[in-house]
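Each reported figure results from applying straightforward, stated rules to the coordinates on display, with no laboratory input. Remember, it's a predicted structure, so these values are computed and weren't measured experimentally.
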Amino acid sequence: MTILIAILTLSMGVQAHSDKAATSTSSRSNTQHNIAIQCVGPEKKPCSAAQVSDINRGISAGKRMHQALADIKTVAPSGTDGTLTCTQNNGQPCTTEQVQAVGEVANSLKCSINYNSSKSNMGNLK
């Protein structure tokens, strides 16, 4: 049920980015701007391993519908403070657009993704 909510949320929130992503997401890498990602659960505590696993299931479920998610290999915890790494299928870090799509999945699970990249200001996806 939560994955279905994630897909519906994505169809509303990320649909506008899909056409643009289809032509550019897989060819762009994040090497010029690394993104620091932090996941916060509904209790305002760092996301648990189970919550990150749910986010990955939501990403997998949305891959067929949204190009921004299609090129994501995995989102994994990289610290106990909720820090995450997001990796594309080609081994490169996720793009800002992909992190935003991950944030939409997380939102549907009552989690929020905060990110900061050298090319943008801090983003807070609630």
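In summary, the aspartates and glutamates within cross-link reach of Lys44, defined as a Cα separation below 16 angstrom excluding same-chain residues under 8 places away, comprise Asp81.
Taking 17 Å as the straight-line reach from the Cα of Lys73, the aspartates and glutamates in range (excluding those fewer than 8 positions away in the same chain) are Asp54, Glu97, Glu104.
Here, P(r) means the percent of Cα pairs in each 5 Å bin from 0 to the largest distance; for segment 48-100 it is 5, 22, 30, 26, 13, 3, 0.
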